[in-house]
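What follows draws every value from the coordinates through simple rules; no lab data is involved. This is a predicted model, so every value here is computed, not measured. Reconstructed Cβ throughout: ideal geometry from the backbone, glycine too, with neighbour counts over all protein chains shown.
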Amino acid sequence: MANIASLPILLKELKLAQFSKSWEALSQKAIDEQWLPQAFLAELSQQEVSERHHKKLQRFLRESRLPSAKRFEQFDFNALSGATKNQIMALVNKIDWVKKANNVLLFGPSGVGKTHLASAIAYALIDKGIRVKFLTATCLVQALQAERASLTLVDALNRMDKFAVIIIDDIGYVKKTDNESHVLFEFIAHRYETGSLIITSNQPFSEWDSIFEDNMMTVAAIDRIVHHAKIIEIKGESYRKKQSAKGRESIEDDN
Ligand code: ADP
Ligand code: MG
């Protein structure tokens, strides 16, 4: 029989961190409560699995760089127009679009909740064990330009494949006048049918010619994005504007 004294080393060797933490206290409990050895082993294993799952989700949350406090808990669906709660929640409850590398496009004027919704959807996907990355379009372009300059663009594109969903927030903020904005096209072409994108935009497709270098590139980018995409159009006024109008009304009511 193995020596009990070697147990901590063996568990370390096997990278069973949670076992290491809990075996001592749990074995005392098992003795006191006369557990079967199998029950003791099952309990330890379960703790290991759930701790690993928890750690994995924490890691996914950190790497996603999602804006904080933009979850469904902070979102008021009553203030949403143009799209329905069911339509949005379907993206979370049925994740076949992620498995098929389909895209989601959130269109609408400024302030109507596109970024908030994209982020809330992403938080919910992480809860389901899906890896997500949030990037503003300008940040993405800058990062890709730097990779291109150091001749590592292809590696950078491949590295991003590990994210099943990438959010490109505010694609319309990229301007073709920016140096080498065609890295954005290369990114979209690379992502096509390999991973999902959630794209938010204040600008309808008809104005995307301000983003890409020429019309051919604009058409090719839109083609790839729209193929297997769900398009959600949010309408109405800016949420904050509505809120401050409400605030003013209630002050007036008080007077
Ligand atoms: P957009 O990306 O469409 O410009 P945002 O998602 O940035 O708009 O929303 C603007 C602000 O209003 C954010 O602080 C966001 O959290 C808030 N907001 C927008 N819509 C809602 C909503 N329906 N419920 C709660 N907060 C909202
Ligand atoms: Mg936004």
The lysines whose Cα lies under 18 Å from the Cα of Lys15, excluding any fewer than 8 residues away in the same chain, are Lys55, Lys56
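Just the C-alpha atoms of the range 103-255: what Rg/Rh do they give, with Rh taken as the Kirkwood radius?
So for the range 103-255, dividing Rg by the Kirkwood Rh gives 1.06.
Given the convex hull over the Cα atoms of the chain, what projected area results after averaging over all orientations, in nm²?
On the way: hull surface 87.1 nm².
Seen from a random direction, the Cα hull of the chain projects 21.8 nm² on average.
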Sequence order, the range 59-64: Karplus ³J(HN,Hα) from phi using 6.51 cos²θ - 1.76 cosθ + 1.60, θ = phi - 60°, Hz rounded, Gly and Pro as x, gives 5, 4, 5, 4, 5, 5
If the chain between Val92 and Glu213 were fully stretched, how many nm would it gain, using 0.36 nm times the residue separation less the Cα-Cα distance? 40.1 nm
Compactness of the range 44-180, expressed as Rg and Dmax over alpha-carbon positions, Å: 16.8, 59
Long-range amide H contacts for Thr136: which residues qualify at under 5 Å (H placed 1.01 Å from N, peptide plane, sequence gap of 5 or more or a different chain)? Asp169
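Can you compute the FRET efficiency between Gln58 and Lys162 using 1/(1 + (r/R0)^6), with r the Cβ-Cβ distance and R0 = 22 Å? Round to the nearest 0.05. The partial results should precede the final answer.
Numbers: r = 17 Å, r/R0 = 0.76.
Using R0 = 22 Å, I get an efficiency of 0.85.
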Cross-link reach from Lys100 to aspartates and glutamates, straight Cα distance under 12 Å and at least 8 residues apart if same chain, gives Glu193
Using alpha carbons only: equivalent-ellipsoid semi-axes of the range 109-163, gyration tensor based, whole Å: 26, 17, 5
On a 0 to 90° scale, report how tilted helix 182-191 is relative to the longest principal axis of the chain, with both axes built from alpha carbons and the result rounded to the nearest 10. 50
P(r) for the range 199-255: what percent of alpha-carbon pairs falls in each 10 Å bin, starting at zero? 18, 33, 19, 16, 11, 4
Taking Cα atoms, how many degrees apart are the long axis of helix 239-254 and the longest axis of the chain, rounded to 10 and kept between 0 and 90? 80
What is the angle, in °, between the Cα long axis of helix 17-32 and the longest principal axis of the Cα atoms in the chain? Nearest 10 is fine, range 0 to 90. 40
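Percent relative contact order of the chain, based on C-alpha pairs within less than 8 angstrom and at least six residues apart?
Values: 330 pairs, mean separation 61.3, N = 255.
The value is 24 percent.
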Placing each pseudo-label 7 Å from Cα in the direction of the beta carbon, Phe77 and Gln38 end up separated by a distance in nanometres of 4.5
Mind checking which lysines have their C-alpha under 30 Å from Lys241, skipping anything on the same chain fewer than 8 residues away? Lys70, Lys85, Lys114, Lys133, Lys175, Lys230
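Please give the calculated 222 nm ellipticity per residue for the chain, where each DSSP H segment of at least 4 residues contributes -39500 (n - 2.57) and the sum is spread over every residue; nearest 500 deg cm²/dmol? Mind showing how you got there, number by number?
Working: 11 runs with 136 residues, N = 255.
Taken over the chain, the calculation gives -16500 deg cm²/dmol.
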Can you give me the distance in nm between label points at Ala143 and Ala2, each placed 7 Å from the Cα along the Cα-to-Cβ direction? 4.1
